[in-house]
Every structure is written in structure tokens, then in C-alpha cells.
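Undergrad: Here's a structure for you.
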Amino acid sequence: MRKKADALEKINLRVLFYLREIARQGSMQSAAKRLGIDPSALSLRLKALEKQVGIKVTSGDKGRFVLTEEGKKFLQFSQEFMDRFLDLNLIDQMSEVDELLIGCTHEIADLYIPKIISQFHAIHPKVCIKVLPGSAYTDFIGQECDVVIGPQLKNRNELTHTLLKEWVQYFYASNRYLEKYPPPLLLEDLKDHRLLLQEDLEEHQRAYAWENVIVKSESPHALFKMVQADLGVSLISKELFQAYSSSPSEFVFLLSNAPAKKERIYFIHRKSSPNLTLINKLKEIALKVVP
């Protein structure tokens, strides 16, 4: 019994939480869908758990989840272990040695993540925050992010969405660039300009027949630097522009009566998570930091 307890103390609580959910759902696929993570990632976590505790927890049977006799005993013991920590209100202390993974848009990473982490770290100094910026990390598919700060994920009933902000982005260019090319009066006029677009504006590109896109990037800061180098026209929110620009008079906002893009940003997490206490604290901070 002491050996099992020693092993459990070295195991990430999240893995025990996953094992319990797999047992409840009866299959890896169902548990993965409920948890909102990739089934292959869940399977790898379970195999790593078996290796760590030195027993065979499950036996495969055509995709079904079947606990071995040792697995049943281990599940019962680990459940008692988790309940004991929950009863003693020590769940946060166990999580203090863990990490939280945050997937977010580049805009959020540049503007708000440093302040959010600073305030969170003051409360939970032992928690490591791993930040994963970019669209590849904002869908809860293929990763094990605890939190996503980004666009709404539709038809995902296992997730909770809390609105943080609405981005409004406008086209802009440098004064030096506009000395060579006349400012556009309509969106259609942008076909006569060199465009530096974000990856998710392909729909706009098709709608307005823009064939002169010379750069595509997920990074608004990289696009800002290109605009600053007089390379072409891009788009940005007023908040990011103020954060990036030390000389606002170098630039001109174009088509101010026709915003290029509106997008709502949400704080998103799974309804079921072993780190829910920490996630809720992070959400509380994000709601204060993001205006």
C-alpha cells in the first residue's frame, strides 16, 4: 500500500483524472470526446501511467476499455487518494507542482498574456504556465491545452465560453508607402496595392478578388514590421497599433468607415478538468486584465 501511495504522489493528478473518466465512459474514444482531447494523446498518457506504476491497468478489446484486476484495484485506490486530497482541500497544492497550458491568438499573447501571468504567478508561484500562440493551439484538437483564449469554438458542448473582448481591425500603411501609391477609397481599390494579410482573411481575398497578396502571416507583429518597412498595406486593431508603434504619425489608417475584420475573443476551457480551480482563477484575472 505504501508503494502505491509513493507512486501516486509522483503522478500528475491529471492522469488519474483521465483514467477515472475513461473508466466512466467505457471507451477511449468516448472519454477523449468528453475531455476534449485527442484519443491518441489519451492513449499515450495511459501507457505512460502503466509504465510508471509498473502494472497493466487495461486490456484492449476491439476498442473497448477493459480494466484488469490490478487496474480495478489501482483505480479504486487512486480514487480514494484523490478524494482524500479533495476532502482536505489540498487539490491546489497538488496542482502547484504542475503546469497550465494556454493556447491563444498572437494578439492576446502580445497584449495581455504577460500581465495575466504576472498576476496569476503572484497567487500561484509554483505553477508553470506554458503559452502556445497561434491558430494551431486554439481548437483543443490534438493538444492538451487547459485554456484557450481565442475565437469561439462552435458545436463543442464539452467547452465553456466566456466573452473577453471584440477585436476590430483596420487597414493601415506607412506614409512613405502612400507617397508611391494613392490611398484606397473602397475595399475594391486594395487590388491596386501590395497586401500583407493574416492567414484567416482568405475569404476577404476571394470576395474582393485580391490577387496581389505578397505576404501571409499569423503574426500581427511581423506584419507591423513589414508595414513599417513600407512593404505594403496590412490590418491591425487600434490596441495592437498603440502597443507596437512608438511613432504613430508614421502611419495612416485607411478605410476607417469599413473595418476589415471583427472578431470576438473568448476564454475557453473544458467543463470537466482536474485543474478547474486554477483555471477559474486564471479566468477571473483575464476578465480584469482584458478591457
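What follows draws every value from the coordinates through simple rules; no lab data is involved. Remember, predicted model here, so these are calculated numbers, not experimental data. Glycine gets a Cβ as well: all are built from the backbone with ideal geometry, and neighbour counts include every protein chain shown.
Undergrad: For ILE55 and GLU211, what does the FRET efficiency come to when R0 = 45 Å and r is the distance between their Cβ atoms, rounded to the nearest 0.05?
TA: Here the calculated transfer efficiency is 0.15.
Undergrad: Right, another one. Near the amide H of VAL233, under 5 Å away, which other amide H atoms are found, from residues 5 or more places off or on another chain, if H is placed in the peptide plane?
TA: Correct list: ARG194, LEU195, LEU196.
Undergrad: Compute the semi-axes of the equivalent ellipsoid of region 166-263, taking the square root of 5 times each eigenvalue of the Cα gyration tensor, and list them largest first in whole Å.
TA: Numbers: eigenvalues 64, 50, 33 Å².
Computed over region 166-263, the values are 18, 16, 13 Å.
Undergrad: Volume per residue, Å³, of the convex hull around the alpha-carbon atoms of region 215-291?
TA: Taking the convex hull of the Cα positions in region 215-291, it is 142 Å³ per residue.
Undergrad: Something else about it: Can you tell me the FRET efficiency between LEU163 and ALA222 if r is taken as the Cβ-Cβ distance and R0 is 45 Å, rounded to the nearest 0.05?
TA: 0.95
Undergrad: LYS130 to GLN152: FRET efficiency via 1/(1 + (r/R0)^6), r the Cβ-Cβ distance, R0 30 Å, to the nearest 0.05?
TA: 0.85
Undergrad: How would you rank 145-155, 121-131, 171-181, highest first, on the average number of other Cβ atoms within 10 Å across their residues?
TA: 145-155, 171-181, 121-131
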